[in-house]
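So the structure is just underneath, and the comments pick up after that.
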Amino acid sequence: MENSDFLVIGAGIVGLATAYQILRKNPNSKVIVLEKENDIAKHQTSRNSGVIHSGLYYKPNSYKAKMALEGRKDLIEFCDQFNVAHKKCGKIIVATKEKHFPGLIELEKRGKANNIEGLEIIGKERIKEIEPNVKAIKALFVPNCEIIDFLEVARKLKSGIEKLGGRVFLNQRANHIRTDNDQLLVVGETNIFKTKNLINCAGLYSDRIAKMAMPNEKINLKIVPFRGEYYEIKEAKKDLVKALVYPTIDTRFPFLGVHLTRMINGKLEAGPNAVPAFAREGYKKTDFNIKDVADSFLYSGFIKVGFKFWKMGLFEMYRSLNKRAFFNSISEILDGIEMKDIIPGNCGIRAQAIDKSGKLVDDFAIIKKDNMVHVLNAPSPAATACLSIGKYISEIAMKK
């Protein structure tokens, strides 16, 4: 039996940041983090674009907007303190056709409402100065973006937790949760964990953990996994892009489209797309899990999303199966690239919450019930905002 004051399920970057923030505020507390894998941060944390976002895309006054701005500042300070490499590089969001202008103006409005400094609508000449090989007629220049390796941040958080007296248990899937008087018992693979406060940061499985912990509660959303596939630009062409180049997006969707990202390791990636996955850890197109498929495809909320956005969904699936279609999305904004210059790269799964009405939940969803906190939706910019989210969760969990 392992006893704790706070037990965090999930050693992704949000779970680790939460445990770290609890220990910073309350160093005498006993904090345990459980992780089902044999290492930390093996899913969303280590499989994203590696961008410290500015906070541009998010609805003003949303949790995403507030936490991205605060979290970005905290993250950079943390990285400077613990020697995590990061690089300021800026970003341009491009319009290749006149029909994209309204979307560009909408993003500029959101950015200014979120107090993002230095935003500027620029024309062809300025675009060529920043990114000589990018094809666009207008763009929104966002100077305050950086690139980083979020897996390295997670490792530093784990180290910080352990130095402050916390413990991280690997290979400990939460198989069962039940109440024991005013505490909770979590049955792991080899241990039983007793805690005064439970914090669910299980990412792709957060809805199932919540249901396990609160079997009699109605949870009005479900996690539906979306696979995001990347292509890597070959070494000979990686210098075609200096920093970050994004397309103008439809703000109705929480996905940012196929973009070009210069990674902290010097590589250049293109992606991701967004296709429904047939398993919550379905990193390959052939991965299939019958329980996960039934959970997603028989869910009324997902069916409603499918009816509303079927054209976009079909295109994303077509682009997933057809390299030429993916290449066309890249060549639409980049000169000097050929089909032979792109090779399949990494793949990630986004844990996207969908409510029963068929709405793609667009903000962080964090609920408190008795001595439990459940993080039920924490997609991008969760990595950027991890310390801010962790601070918020820790304040909720410690409030009695």
Next item on the list: Using only Cα atoms, find the angle between the long axis of helix 63-81 and the longest principal axis of the chain, and express it within 0 to 90 degrees, rounded to the nearest 10.
Entry: 90 degrees
Check: What residues qualify as long-range amide H neighbours of Glu37, i.e. H under 5 Å apart, gap of 5 or more or another chain, H built at 1.01 Å from N?
Finding: Asn171, Gln172
Notebook entry, point to check: Based on the Cα atoms of the range 239-322, what semi-axes does the equivalent ellipsoid have, where each is the square root of 5 times one gyration tensor eigenvalue, given in whole Å with the largest first?
Noted result: 28, 17, 10
Check: So what are the three principal axis dimensions of the range 319-371 from its Cα atoms, in whole Å, longest to shortest?
Finding: 57, 24, 21
Item checked: His86, His259, ranked by accessible area, largest first (probe 1.4 Å) -> His86, His259
Next item on the list: Pick out, in residue order, every one of the GluC sites (Glu not before Pro) in the range 297-400 that is DSSP loop and has at most 13 other C-beta atoms within 10 Å; say none if there are none.
Entry: Glu338
Next item on the list: Compute the whole-percent fraction of alpha carbon pairs in the chain spaced more than 33 Å apart.
Entry: 31 percent
Note to self: Suppose a student asked you for the relative contact order of the range 98-212, using Cα pairs under 8 Å spaced at least 6 residues apart; what percent would you report?
What the structure shows: 13 percent
Check: Roughly how tilted is helix 150-163, in degrees to the nearest 10 and between 0 and 90, from the longest Cα axis of the chain?
Finding: 30 degrees
Notebook entry, point to check: Which distance in nm do the two modelled labels at Asp287 and Lys128 give, with both placed 7 Å along the Cα-to-Cβ direction?
Noted result: 4.4 nm
Item checked: Rg ratio (alpha-carbon, reference 2.2 N^0.38 Å) - the range 286-400 -> 1.42
Note to self: Over all directions, how big on average is the projection of the convex hull of the alpha-carbon atoms in the range 7-54, in square nanometres?
What the structure shows: 4.1 nm²
Notebook entry, point to check: Quick one: Karplus J couplings for the range 329-344, per residue in order, coefficients 6.51, -1.76, 1.60, θ = phi - 60°, nearest Hz, x for Gly and Pro?
Noted result: 5, 6, 5, 5, 10, 9, 7, x, 9, 10, 4, 5, 7, 10, 10, x
Next item on the list: Could you tell me how many degrees, from 0 to 90 and to the nearest 10, lie between the Cα long axis of helix 13-25 and the main elongation axis, the longest principal axis, of the Cα atoms of the chain?
Entry: 50 degrees
Margin query: For the pair Glu77/Asn216, report the inter-label distance in nm, with labels modelled 7 Å from Cα in the Cβ direction.
Written below: 4.3 nm
Check: In percent, what relative contact order does the chain have, based on Cα pairs under 8 Å that are 6 or more apart in sequence?
Finding: 25 percent
Next item on the list: Report, to two decimal places, the Cα Rg of the range 131-232 normalised by 2.2 N^0.38 Å (N = number of residues).
Entry: 1.62
Checklist line | Area projected by the alpha carbon convex hull of the range 1-132, averaged over all directions, nm² | finding: 11.4 nm²
Checklist line | Per residue, in Å², the accessible surface of the range 1-129 once ligands and nucleic acids are set aside, probe 1.4 Å | finding: 46 Å²
Item checked: Cross-link pairs beyond the 22 Å C-alpha cut-off, checked among Lys234/Lys323; Lys237/Lys323; Lys97/Lys128; Lys112/Lys304 -> Lys112/Lys304
Next item on the list: Extending each Cα 7 Å along its Cβ direction at Lys87 and Arg173, get the distance between those two points in nm, one decimal.
Entry: 3.9 nm
Check: Ignoring ligands, DNA and RNA, how do Asp39, Asp182 rank by accessible area with a 1.4 Å probe, largest first?
Finding: Asp182, Asp39
Notebook entry, point to check: Among all the aspartates and glutamates, which ones have a C-alpha under 19 Å from Lys87's C-alpha, if same-chain residues fewer than 8 places away are not counted?
Noted result: Glu70, Asp74, Glu77, Glu117, Glu131, Glu146, Asp149, Glu152, Asp239, Glu269
Notebook entry, point to check: Around Glu2, which amide H atoms from residues at least 5 apart in sequence, or from another chain, sit under 5 Å from its own amide H, with H modelled in the peptide plane?
Noted result: Ile192, Phe193, Lys194
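May I ask you to compute the full-extension gain from Ile396 to Lys356, defined as 0.36 nm times their residue separation minus their alpha-carbon distance, rounded to one decimal in nm?
Values: separation 40, 0.36 × 40 = 14.40 nm, distance 2.61 nm.
This chain segment gains 11.8 nm when fully extended.
Show that you can apply the helix-only estimate: for the chain, add -39,500 (n - 2.57) for every DSSP H stretch of four or more residues, divide by all residues, and state [θ] at 222 nm to the nearest 500.
-9500 deg cm²/dmol
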Next item on the list: Give the long-range amide H neighbours of Ile349: residues separated by 5 or more places, or on another chain, with amide H under 5 Å away, using H modelled in the peptide plane at 1.01 Å from N.
Entry: Gly228
Notebook entry, point to check: If the limit is 22 Å between Cα atoms, which of Lys218/Lys391; Lys64/Lys222; Lys64/Lys368 go over it?
Noted result: Lys218/Lys391
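The values are calculated or read from the model by the stated rules, or taken from the named source; none is laboratory data. In this text, all values refer to a predicted model and were calculated from it rather than measured experimentally. All Cβ positions, even for glycine, are placed from backbone atoms using ideal geometry, and neighbour counts span all protein chains on display. SASA here: full protein model, heavy atoms, side chains in, ligands and nucleic acids out. Shrake-Rupley method; radii C 1.70, N 1.55, O 1.52, S 1.80 Å.
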